[in-house]
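First the structure, in the form of structure tokens, and then the observations on it.
The values are calculated or read from the model by the stated rules, or taken from the named source; none is laboratory data. Everything numeric here is computed off the predicted structure, so don't read it as measured data. In this analysis, Cβ positions are derived from the backbone assuming ideal geometry, glycine residues included, and neighbour counts consider all displayed protein chains. The protein model used for the area step is the full one, side chains on, heavy atoms only, and it has no ligands, DNA or RNA in it. Shrake-Rupley method; radii C 1.70, N 1.55, O 1.52, S 1.80 Å.
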Amino acid sequence: MNAISPALGFAFADEPRSAQTGRPGAGLAAAQGPAIPAGRVQLVQLRFQSLLTARLRVLLIAAIFTAVAVTAILRITWLGFAGSAPTQSSLADQLLPPRGEITDRNGAPLARAFPAYALWYDPDAMGDGGSPLVGDPEDVAAKLASIFPDMDAAKTAKRLASGKSGYLRRRVLPEDANRVFEMGEIALQFPQETDRHYPQGSLAAHVLGYVVEQQGGKIGMEQVLEERLSDPDLRGDPVALSIDVRVQGALEDELRRGMLATDALGAAGIVLDVDTGEIMAMASLPEFDPNVVGADGAPNVFNRATNGAYELGSTFKPLTVAAAIDAGIVRDLGRDWDATTVEVGKRRIRDLKPKGEVLNVPQALIYSSNTVTARIADKLGTERMQQLLVDLNMDKRPFIELPARGKPLWPQDPANRHTNMVIGYGHSLAVTPLHLANAYAAMVNGGIWRPATLHKLSAADVPRGERVFKASTSSRMRQMLRMISIYGTGRSADAPGFRVGGKTGSAEKPSNGRYSQRKIISTFAAAFPMDRPRYVVVAMIDEPRGTVASSFQRTAAFNAAPVVGRLVPRIGPMLGVRPDANRDVDISDLRYLVEKRK
């Protein structure tokens, strides 16, 4: 029988005990030879202890892993019941922009969303309770200012030293982010976000508006199209506006030139398709850059073209004459009208530059006679004059998609005889430049009024409109508007070959209940080409001053009309209107009425 030693783990055969000592092994030693050396026994014991230690370590590691696994399982289980569900995104969310794109009528991008970086300051990034920056705040701010030249180094240093987290800059280009990263400042971080970018900068800013994070679109088409641009089913398709970015750029450029040349307060302009009501360009100056607008809004957001109501002066005279022709008040254009001072009670109406005691209707428009127009308006009467304004929708806010739409300001007593007379030449009634553009479109397109729109229209979408003037009256007005540009105050707008016709208007601005002789609104309303009108152009200069560029004159003939004269040759070819010196509207039956008295 074998026995296993608990200490050594070896098996020994039963052996006889020594009679003298009683110790086991004595017989074995005597029978089998010498005993096992003590060193070998110690080696066996050492190996056993090492094996036992290794087993204990394996058990310990297994216990740790088991504990970690149990903890993870418990955490996952808790999140499953108490935590928020994991965010899931569809393939469309991954491929489509978070907000739809806006383009011009030809597909040029005006507003689009794209991934961008921001520069964020995190004072707790180091996590050791010490200074969040490796360098001094002043040195870090100076380095940032070298990367971003428009950054104020002093304000940035103060911001860094304050220890408050926040954005230092939005819309950081990848190459600039890399330069900041090379500074080695852990506290300067670059969270990625979706940015609304306007590739054309400030161009058409008042048309587009801007987007504020967490609030959506503001003031322009961004606000109007908020639901459309955010709709997951529609945001993949760009929204095409009616404007042409080339025409828009030319309009803003010429308006800015005219505004700066006369040291004016502001300017506004519109290019309108007379047959569809589509706005090819609309501008209000000074402008703003939608790329740098924050939650606090932007300066210069007031839209003079659609939200500003102004007395637009003599640009109303052709409208009054057209209504009088329609009503049969004016039948013979060669008839002489009294051009002397008009007296209504204690009030008098005079011409700024009298051209004689009598004038016919074409002359009255060419020389911009207040007295003749007032007498025509008086013959027309208050009822028919007010009906004209209602038919032209000048009793309502302008028809346009933009939220910024100014309300016309009517006089308190429009039925008063004197008030009716001065309304006839554009005083006492304030409307927006867009009201005027719509009215001129109706006057030259055959007599049909259509609402303006900033949406690109197909032929099937063009509204039928409402007749305001007879077609024959519209034909006569095209002749006389062209004559104003050939013989009268609109000569500075007569672009060779483009057959421009239009009317100037200069009106004093009301101030503190009275008209200010120092502040005026200068306007030129025109159409081209007058033998087949396609576009109306309105240019308005707000408070121009007499400068060398305007021959020290403030009236529209010296500032607003030249703007149109420079603009039409630039935009005509873009819009399919080429100069042709061999074509023009036929004025042969009216020319003698003017030339005989020159």
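Of note:
- When nucleic acids and ligands are ignored and a 1.4 Å probe is applied, Lys143 ends up with an accessible area of around 110 Å².
- Positive minus negative residues near Ser165 (Lys, Arg vs Asp, Glu; Cβ under 13 Å): 0
- Note that segment 258-269 has calculated 3J(HN,Hα) couplings of x, 5, 5, 5, 10, 6, 7, 6, x, 7, 8, x Hz, one per residue in order, obtained from phi through the Karplus relation 6.51 cos²θ - 1.76 cosθ + 1.60 (θ = phi - 60°); glycine and proline are x.
- Ligands, DNA and RNA are left out, and with a 1.4 angstrom probe the accessible area of segment 504-598 is 49 Å² per residue.
- Helix-only mean residue ellipticity at 222 nm for the chain, each DSSP H run of n ≥ 4 adding -39500 (n - 2.57), per residue, nearest 500: -10500 deg cm²/dmol
- Residue-normalised accessible area of segment 253-322, expressed per residue, 1.4 Å probe, Å²: 28 Å²
- Between the Cα long axis of helix 317-327 and the first principal axis of the chain there is an angle of about 60°, rounded to the nearest 10.
- Radius 11 Å from Cβ of Glu311, net charge of other residues (Lys, Arg +1; Asp, Glu -1): 0
- In the complete set of protein chains, residue-level accessible area for Trp120 is approximately 80 Å², probe 1.4 angstrom.
- With Cα atoms, 0 to 90° folded angle of helix 560-571 axis to the chain main axis: 60 degrees
- Two-decimal log10 I(q)/I(0) for segment 104-157, as the Debye equation yields it once each C-alpha is a single scatterer, q = 0.21, 0.22 Å⁻¹: -0.87, -0.92
- Proximity of backbone amide H atoms, modeled 1.01 Å from N, is registered between Lys509 and Ser516, Lys519, Ile520, Ile521 at under 5 Å, excluding neighbours fewer than 5 places apart on the same chain.
- Reported label for calculated Cα extents along the principal axes in Å given [x] 168, 53, 48; [y] 130, 79, 48; [z] 84, 57, 55: [x]
- Using 0.36 nm per residue and subtracting the Cα-Cα separation, the extra length available between Arg170 and Ala63 on full extension is 33.5 nm.
- Between segment 525-548 and segment 342-405, the C-alpha centres lie 19 angstrom from each other.
- Antiparallel beta bridges, as assigned by DSSP with both residues in the chain, represent about 95 percent of the total such bridges.
- The stretch between Arg570 and Glu182 holds 134.9 nm of extra length on full extension. This uses 0.36 nm per residue minus the Cα-Cα distance.
- Listed by chain and number, the aspartates and glutamates whose C-alpha is less than 16 Å from the C-alpha of Lys155, apart from same-chain residues fewer than 8 away, are Asp136, Glu138, Asp139.
- Dipole-positive endmost among Ile243, Ser230, Ala261 within segment 229-325 (Cβ charges, Cα centre): Ala261
- Members of Lys218/Lys509; Lys353/Lys396; Lys353/Lys519; Lys346/Lys379; Lys143/Lys164 lying beyond 27 Å, as alpha-carbon distances in this model show: Lys218/Lys509; Lys353/Lys396
- Placing a label point 7 Å from the Cα of Glu227 along the Cα-to-Cβ direction, the residues of segment 367-401 whose backbone N falls under 20 Å of that point are 400-401.
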